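Student: My structure is below; once you've seen it, I'll send some questions.
The values are calculated or read from the model by the stated rules, or taken from the named source; none is laboratory data. Because the structure is a prediction, the values reported are computed rather than measured. Positions of Cβ are backbone-derived with ideal geometry, glycine not excepted, and every protein chain shown enters the neighbour counts.
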Amino acid sequence: MAAVLNHDVLWTIVSMVDCRQSLLSFALTCRAMRNIIIPTFLFSHVAFPARPEERKLLSFCHALETGGSIVGRSVRHFDLNSKSPSIRISTQLARALGEAAEKMTNIRSAVVPFADSLFLAEPRFPRALVSQAKLRCIELHRCSPASLELVRDLAHLHVIRITAFMTSVTPDSALAQILLNSRTTLRELSLRYATWSLSRLTTEPLPPTPPDTGLVWPHVETLDIRDMFVSPDSDFDPIRSFPVVRHLSYPASQNGWVDRFCSSIPAARLDSLEGDWEIMQAAFVAGAKPQRAVITSDYPTFHGESYSTSYLPSSLRQLHLRLDTNASPHRLERLADVTPTLTHLYIDFHSAYSQHTLFGVLTGLIVSLSGLPLTYLRLTMAPHSEEHDMKSFLEAVFIPLAESSLPLLRTLSLDWFSSQMSWRKTKGTI
């Protein structure tokens, strides 16, 4: 059958199959299917598991070598897994990956978790990345100024995610050059652990920019700088430098950032905002009205004030809270009045409770949330109780109470150190 189908028909059939195991089964049926599926589909997205074994990486490199140019051109997405730990790159593996990178001439995205080790051991790999005309997404972890120097000519990227310890974004740095090379194309930026030392008044030796734009990335909508530092000499303001940002993850308050950030909030159109309690509260007071908020720290008790949700905007539909101390459910009793359209709630309890206290906290929590139109509720906790007692309470008391108190609830997820339990409503319309 496959022998009489033309290439376009075979391509359409194979494109509708999502499971890689099914694709492999198809490939084994006949030569025509094999010649389409193996090079074009099974190699289009190459992703390794965390902690990949060297032999598996070498096996992939060997497949590229023996498969010819059609296999190399078929690789669109190359992912060495961002969760992989820093590993020692052997001379053999570095050479093999360098040769493989030169054969993959059609890459759209690349993830390299141990960039420093690989780039410095085999410069052909970063040179191959720079030469990719269609590369649009780059994710590099464990970078140093030396390894970033080897890819400073990366340009026209849509997504940049870089983890760079002991690295400063200075006017003459490779990291600054990478960002500026994609100033007009970048849509998403994530910088971790780097220090921003650029100023909007900086002119040299940066490349020229249009008048009155300065350091502005006009198309970035997603900005993650939660782990970034800012030099005291920098006038960095994310809203001014990224004027159309809609999803912002902000770092802990530092160096007067709160006042500087909030002064530009009225001009922002934020859909999602993440940060510590101080920056979030100041942003909300200044007029930010996101639909999603992640508050990464608890309200500080040393102020002698009670926990308050009154500053939360009524626009919120998704909220992620962290509660460290004095986690009485009464702290959230006004949540329904303040955020009447909230549908998704995720609470991290970062205090360990005795069994009796925890059961009381969870029961009181549901009562406090009963006025909300929640469809999704997730709780993480650290109970000091037996596994059997915990599950018995959840099944016999907590889940039935949640179902009756929150009639719109469709998904309930509870996580604790030793286990996890999920409940989904199976009746009604979702």
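Student: Specify the residue that is surrounded by the fewest Cβ atoms within 10 Å (Cβ to Cβ); the eligible residues are those in the range 225-247 that are over 16 Å from residue 283 (Cβ atoms) and of a type in the set (D, E, K, R).
Tutor: The extreme case among them is 233.
Student: Still on this structure: Quick one: how many residues across the range 404-424 are of a type outside the set (A, V, I, L, M) and either under 12 Å from residue 380 (Cβ atoms) or in contact (Cβ under 8 Å) with a residue 60 or more places away in the chain (or both)?
Tutor: Number satisfying all stated conditions: 6.
Student: Name the residue that is modelled with the highest pLDDT, counting only residues in the range 318-331 that are surrounded by fewer than 16 Cβ atoms within 10 Å (Cβ to Cβ) and over 14 Å from residue 365 (Cβ atoms).
Tutor: 324
Student: Tell me whether the range 252-265 contains one or more residues that are in a loop (DSSP other than H, G, I, E, B) and modelled with pLDDT of 85 or more.
Tutor: Scanning the range 252-265 turns up no residue that is in a loop (DSSP other than H, G, I, E, B) and modelled with pLDDT of 85 or more.
Student: Further, regarding this structure: From the list 90, 59, 109, exactly one residue is at pLDDT 85 or above, under 21 Å from residue 147 (Cα atoms) and exposed (fewer than 15 other Cβ atoms within 10 Å of the Cβ). Which is it?
Tutor: None of the others qualify; the one that does is 90.
Student: Continuing with this model, one more query. Cβ-Cβ under 6 Å, sequence separation 6+ or interchain: first residue in the range 149-168 and at positive phi, partner surrounded by fewer than 18 Cβ atoms within 10 Å (Cβ to Cβ). Which pairs?
Tutor: From the range 149-168, the pairs are 156/185.
Student: Against the definition (crowded, with 16+ Cβ neighbours inside 10 Å and either at pLDDT below 95 or within 22 Å of residue 50 (Cβ to Cβ) (or both)), how does residue 150 come out, yes or no?
Tutor: Taking the combined requirement at face value, the residue does not satisfy it.
Student: What is the one condition in (1) touching a Phe, Trp or Tyr at 6+ places or on another chain (Cβ under 8 Å); (2) not in a strand (DSSP E or B) that residue 111 does not satisfy?
Tutor: Every condition holds for residue 111 apart from (2).
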